[in-house]
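Undergrad: There's a structure below that I have some questions on.
The values are calculated or read from the model by the stated rules, or taken from the named source; none is laboratory data. Because the structure is a prediction, the values reported are computed rather than measured. Virtual Cβ from ideal backbone geometry, glycine too; neighbours counted across all protein chains shown.
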Amino acid sequence: MKRKDIIESGILEQYLLGELDSSKKLEIENALNSDTELKNYFNELEETFEQLGQENAIKPPLDVKTNLLKSIKNNSTEETIINDTKSFELKTLLTIAASIAAILLIGILWTYSELNTTKKELQIVEDKNQILIDDLNSVTENLETTTKWLKQIISPNSRQYVLIGNKLSPNSKVISYVNNVDKSVVINTKELAKLNANQDYQMWADVEGEMINMGIIDTSKELLAMTYIHNAESLNITIEPKGGNDHPTVSKLISNVYLEP
Amino acid sequence: MSDLILIKQLQNKDEYALSKLYGKYSPAIFGVIIRMCKDEAHAQNLLQDTFITVWEKSHQYDPEKGRFYTWIYRIAKNKVLNFLRKSDQLIQSEDLSVYSNKEDEITIDSEYLELNGSIKKLETHHQRALELVYFEGLTHREAHKEMDVPLGTFKSYIRQALQKLKEHYSKTLVLLIVLIDALR
């Protein structure tokens, strides 16, 4: 369609008034886009139309504008409120979740710290307990030993013999308790004179003229059990080289006592 | 502020821009709506409805394709025509008592709706032709029958009427420019 034809057909006015169907509308829009002069003509047409409208304007009541602005505000407010509500719900849920997580975390940390403290305390108690057990064991052992010695010493079957040192060891004194029923010998070494480091006291029993070894006297212990020898006639103490001897050195005999039959 | 900036702001959902554009265009559009539907209350609702659509569909307006006024005019015209069609359907489906009420509904003083300005200076048939398509919402095809002239003649009426209006507006503009120059 030529420009003149378009103008004379009156189709531009129909386009302007919105009377055309979509295919015709598109046709006119294309023509306007490709023809500047036609576009200018159309612009003038539009201007005239608008001026005609403005000349015949009627002022609408103020209510319409108020309602219009209220209505678009309501729509956008509703959206905002919905969004706000959603975000509020989300925020609330997140806050609750965060709070629970925080409480749980604090709880776990507290429990962990308490557990550590308890473990440490338990360790201390265990250590103390071990010390006490050790002490108790030691005390019990001591008690048992003491009780054993005491039983033997105070037993009616026990006899006390005192070995007094001769001129080789004049200050020495050993008290011995012989129990022929329990078959035991216990001695008190408290008053034995100190020896050189390479010497030991050794005790012997005389059985029908033969000296039988009763053991080395450990002077670090106050009370000491010696080997009981059946049918011993006397008890003898000699000074021997460190670690004891197989046969007594008679020249080093410091004391002896005869036993009652 | 130029319309293009306001329109851009409107397209970005700026209520202030809507308020300004409403201020500028609503009286002309209301003039069209009220003459088309001839009912004050309905015209007010339709005007509000038109500008709600302007607000909601502002992104569809393309300044390259035409003036903002033309775009709003088409929206308003469609709304009124749809409203009138629905009213007609209601009248046809309801009993005669409703139909008889139709005349009572037109309560507006006809002087209030009379056309003003340059159009009054046109010849009667030019005035009538423009009034039918512009202010009463008739299509060219409906309007030429209404005026009882061939479609080609009717189209000529419209073209001639617009040409005369344009000349008149140009004269007014020249006169204004001369006046402004003289006042300097």
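Undergrad: I'd like the full set of residues that are touching an Asp or Glu at 6+ places or on another chain (Cβ under 9 Å) and among the hydroxyl-bearing types (Ser, Thr, Tyr), limited to the stretch A:245-261.
TA: A:Thr249, A:Tyr258
Undergrad: For the stretch A:202-214, check the following and say yes or no: at least one residue is among the aromatic types (Phe, Trp, Tyr) and crowded, with 20+ Cβ neighbours inside 10 Å.
TA: yes
Undergrad: Something else: Within the stretch B:123-143, count every residue that is part of a loop (DSSP other than H, G, I, E, B) and either acidic (Asp, Glu) or over 18 Å from A:Ile11 (Cβ atoms) (or both).
TA: Of the residues in the stretch B:123-143, 3 are part of a loop (DSSP other than H, G, I, E, B) and either acidic (Asp, Glu) or over 18 Å from A:Ile11 (Cβ atoms) (or both).
Undergrad: Suppose the filter is crowded, with 18+ Cβ neighbours inside 10 Å, touching a Leu at 6+ places or on another chain (Cβ under 8 Å) and either modelled with pLDDT of 90 or more or within 14 Å of another protein chain (Cβ to nearest Cβ) (or both); does B:Gly137 pass it?
TA: Yes; evaluated as a whole, the condition is true for this residue.
Undergrad: Tell me the residue from B:Ile91, B:Ile158, B:Ile108, B:Ile177 that is within 14 Å of chain A (Cβ to nearest Cβ) and either more than 20 Å from A:Glu19 (Cβ to Cβ) or modelled with pLDDT under 80 (or both), please.
TA: B:Ile108
Undergrad: Does the stretch B:44-58 contain any residue that is more than 7 Å from chain A (Cβ to nearest Cβ), under 18 Å from B:Glu136 (Cβ atoms), at pLDDT 95 or above and part of a helix (DSSP H, G or I)?
TA: Looking for residues that are more than 7 Å from chain A (Cβ to nearest Cβ), under 18 Å from B:Glu136 (Cβ atoms), at pLDDT 95 or above and part of a helix (DSSP H, G or I), one finds at least one in the stretch B:44-58, hence yes.
Undergrad: Can you pull out the residues in the stretch B:1-32 that are assigned to a helix (DSSP H, G or I), more than 9 Å from every other protein chain (Cβ to nearest Cβ) and either closer than 17 Å to A:Lys59 by Cβ or without any contact (Cβ under 8 Å) to a residue 24 or more places away in the chain (or both)?
TA: The answer is B:Ile5, B:Leu6, B:Lys8, B:Gln9, B:Tyr16, B:Ala17, B:Lys20, B:Leu21, B:Lys24.
Here's the yes/no breakdown for (1) at pLDDT below 90; (2) surrounded by 13 or more Cβ atoms within 10 Å (Cβ to Cβ); (3) outside any helix (DSSP H, G or I); (4) of a type in the set (S, T, N, Q):
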{"position": "A:Glu44", "(1), (2), (3), (4)": "no, yes, no, no"}
{"position": "A:Thr66", "(1), (2), (3), (4)": "no, no, no, yes"}
{"position": "A:Ile81", "(1), (2), (3), (4)": "yes, no, no, no"}
{"position": "A:Phe88", "(1), (2), (3), (4)": "yes, no, no, no"}
{"position": "A:Leu94", "(1), (2), (3), (4)": "yes, no, no, no"}
{"position": "A:Ser99", "(1), (2), (3), (4)": "no, no, no, yes"}
